[in-house]
Amino acid sequence: MPTTLSDIAEKTGFSVSTVSRVINEKGNISAQTRSVVLDTASEMGYEFRKYNKDLNQKSQYIATIFNNRLDKQGGILGNPFYAQIALGLENFTKSHNYELLIKSITGESKKDKKIIDEMISSQDIAGMVFIGYLIDEKLIMEIKEAGMPVVVIDNHFWQENIDCILNDNIAGAKKMMNHLLELGHQDIAFISGPLDNTSFEERYTGYINSLRNHALEVKDSFIKIGDSTYGTESAYKVVSKMLKEEKDLPTAFFAVNDSRALGVIKAIQDAGFSVPEDFSVCGFDDIETGRHITPSLTTVRIFKQEMGLTAMERLYKLIKNPAAKTRKIVIPVELITRESTDTI
């Protein structure tokens with residue numbers, strides 16, 4: 001196995017970021033530190049392959065990185081949300097003669113550094129796209145500091161100098177809440193996954209703010225946080241238990257994504273109730289399945305392919321001009337009303 005920057009960092013006691021700057025001849029590094037790193041790299045047989053603007057700009061490869069938690073859903077292409085983003089990426093790369101290299105990482109910082117170091121060491125890569133929220137911020141910063149053009153999709157890193165493509169999750173949640181409130185619903189449950197997912201956390205914020213703006217009580221019993229899977233089964237279990245055991249029930253369920261909304265609808269129907277006659281249900285994302293179930297799902301449409309396309313357009317600019325100023329691009333969302341919501 002080839003020696004990586006992480007191996008050199010561990011041997012010398014310097015950070016991967018420092019080693020990267022030495023290898024890539026960037027930043028103000030003391031002569032002593034530079035000497036130690038270069039000597040150690042040579043002793044360990046490190047192949048001095050680094051991001052080279054002129055060389056890598058000519059590369060036809062774009063690396064797409066995602067957390068291997070998605071592997072449980074068949075990887076990017078098995079996830080109804082990220083599959084559409086990947087299609088947007090692919091549409092751009094094909095039209096511009098690039099190829100996508102898809103790589104999963106673990107969410108464990110040390111292992112992930114090694115995986116990406118090995119990837120960069122073995123292949124000329126023009127740029128990298130990171131997808132999803134389970135990506136270490138420090139890792140992305142180290143890659144960017146090494147000179148690699150980087151864009152992140154569906155994660156904001158507001159405090160860092162990283163280009164990001166985002167949805168307007170808070171506005172989308174407020175649009176959905178306004179829709180439910182206009183239908184007369186005041187007791188609205190929120191069915192979510194872990195709030196360390198930035199998109200989920202922003203949708204939760206929109207839900208809470210809407211209740212407070214309308215002087216409505218925030219009921220803890222109406223807020224259900226499920227596990228970290230994409231969520232159909234998790235939401236089904238949570239809502240089934242809720243309908244069976246709790247006396248104070250909502251009139252509407254706002255699921256943090258469509259996959260969870262499908263689980264909510266099935267739980268309601270299996271308990272002998274009807275949607276929307278007994279409970280209204282809505283989601284977020286506008287996946288294909290939601291359009292074809294009965295009742296069809298009210299949701300917030302995210303323009304997923306546009307996210308992928310916009311990310312590649314931005315990465316392409318960074319490849320051609322690495323000194324370009326950082327941009328956070330927020331894609332607007334759209335309320336889609338269908339059959340699963342109605343008046344009380």
Item to check | Relative contact order of the chain, defined on C-alpha pairs under 8 angstrom at six or more residues apart (%) | outcome: 19
Checklist entry - For Asp285, what charge total do you get from the other residues with a beta carbon under 9 Å from its beta carbon, if Lys and Arg give +1 and Asp and Glu give -1? => result 0
Item to check | Options Ala146, Cys164, Ser296, ranked by Cα towards positive dipole end of the chain, top entry (Cβ charges) | outcome: Ala146
Next on the checklist: Projecting each Cα onto the charge dipole of the chain (Lys/Arg +1, Asp/Glu -1 at the beta carbon, about the Cα centre), which of Phe273, Leu87, Val16 comes out farthest on the positive side?
Outcome noted: Val16
Item to check | 222 nm mean residue ellipticity, helices alone, for the chain (DSSP H n ≥ 4; -39,500 (n - 2.57); rounded to 500) | outcome: -13500 deg cm²/dmol
Checklist outcome for this item: Per residue, the convex hull enclosing the Cα atoms of the chain spans a volume in Å³ of 142
Checklist entry - Once the other residues with Cβ under 9 Å from the Cβ of Ala235 are scored (Lys, Arg +1; Asp, Glu -1), what is the net sum? => result +3
Next on the checklist: What's the magnitude of the charge dipole for the range 169-302 around its Cα centre, counting Lys and Arg as +1 and Asp and Glu as -1 at the beta-carbon? Answer in Debye, nearest 20.
Outcome noted: 100
Checklist entry - Using unit Cβ charges (K, R positive; D, E negative) and no other charged atoms, how large, in debye to the nearest 20, is the dipole of the range 134-209 about its Cα centre? => result 260
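Read-outs: derived from the displayed coordinates by stated rules, not from any lab. Since the model is a prediction, treat every value here as computed from it, not as a measurement. No Cβ is skipped: glycine too gets one built from the backbone with ideal geometry, and neighbour counts run over all protein chains shown.
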